[in-house]
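The values are calculated or read from the model by the stated rules, or taken from the named source; none is laboratory data. Worth saying up front: this structure is predicted, and the values here are computed from it rather than measured. A quick note on method: Cβ atoms are made from the backbone with ideal geometry, for glycine too, and the neighbour counts reach across all protein chains shown. Side chains are part of the model used for accessible areas, which takes the heavy atoms of the whole protein and leaves out ligands, DNA and RNA. Shrake-Rupley method; radii C 1.70, N 1.55, O 1.52, S 1.80 Å.
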Amino acid sequence: MGAWISKLFIEHADIFLKIMNQRWLWAKESASGMVRILNDFGILSGNLLDLCCGNGRISICMALKGFKAVGVDISKPFIEDAKRKAEEYGVSSLVKFVEGDVRRLKEVLRDAHESFDVVVNAWTSIGYFPPEEELEIFRQTRKLSKENAVLFILETMHTDWLSLKFVPYGYFETDDIVTLESRKYDPTASKLETTWTFYRKNGENLEFIDRAEFELHVYSLQELSALLRRAGWEPVATYGNIATLQPMNPLTSLNLVARAK
């Protein structure tokens, strides 16, 4: 498991940083939607834990809203880029980025002295580990959080969406990189196997860079809700779009809000 995560997010960090930078286009709007929800729960500021934070778009945009954030990611290049962006946005005093495995949060966050008001897991950062390991991740976040804490799982693929929208092949472009995608989905096991083949544009030609393979456990809303309840979180709302607070339906992504039990 750890080997292919290293392959994806460390060896190909330069490619993934380009992909992540596109997500920044919507980050401020997502943060605004989160703040609206938090205000309804009486949380106007506080400490935020950003799991699998990438290059920091959620942490930094929430810091711009007045929250103090700690972001954790396994990729050193992502963490280094997040620190640079925090300086660019003028929020270095409000955010801390830590390189580490979210499965070992107690060890990774051993220097954290305050409990968290908000926990965030964004952009299909769930499903890379077996469900029992992910259960333990969310149990650890509950132990690190306050009694009235709020958990967000944002912009996540789910089984209803995949059953309706699945296609075996596709591609997308990011700056000078073209990624060809080949996918296999087993709905009986809720398992998605994906191969990404990376090419660099060179005039009218494409130059092969590398290939990465990974598999993902895709949750249904019901399965994910049950897992969170076992971890000490009670799901209270779902949205199809966290920025607009559009209701969730089978054709939208999954955005789930839970309270600490």
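Details
- For the stretch 239-261, residues that are polar (S, T, N, Q), open to solvent by less than 50 Å² (accessible area, probe 1.4 Å) and over 16 Å from the mean Cα position of the chain (by Cα) total 1.
- Which numbered condition Ser75 misses (of (1) in contact (Cβ under 8 Å) with a residue 40 or more places away in the chain; (2) within 19 Å of Leu17 (Cα to Cα); (3) surrounded by fewer than 19 Cβ atoms within 10 Å (Cβ to Cβ)): (3)
- Matching option when the condition is at pLDDT 95 or above, open to solvent by 10 Å² or more (accessible area, probe 1.4 Å) and among the basic types (Lys, Arg), among Lys83, Lys106: Lys83
- Of the strands (runs of 3 or more DSSP E) lying entirely inside the stretch 72-163, those containing at least 1 residues that are under 13 Å from the mean Cα position of the chain (by Cα) and among the polar types (S, T, N, Q) span 116-122, 145-156.
- Among residues of the stretch 247-258 that are within 21 Å of Arg229 (Cβ to Cβ), those with a Cβ under 6 angstrom from a residue that is hydroxyl-bearing (Ser, Thr, Tyr) and part of a strand (DSSP E or B), sequence gap 6+ or separate chain, pair up as Met248/Thr238; Met248/Tyr239; Leu254/Thr156; Asn255/Tyr239; Leu256/Thr238.
- Odd one out for Glu234, checked against (1) closer than 30 Å to Arg36 by Cα; (2) acidic (Asp, Glu); (3) in contact (Cβ under 8 Å) with a residue 60 or more places away in the chain; (4) in contact with a helix residue (DSSP H, G or I) (Cβ under 8 Å, 6 or more places away or on another chain): (3)
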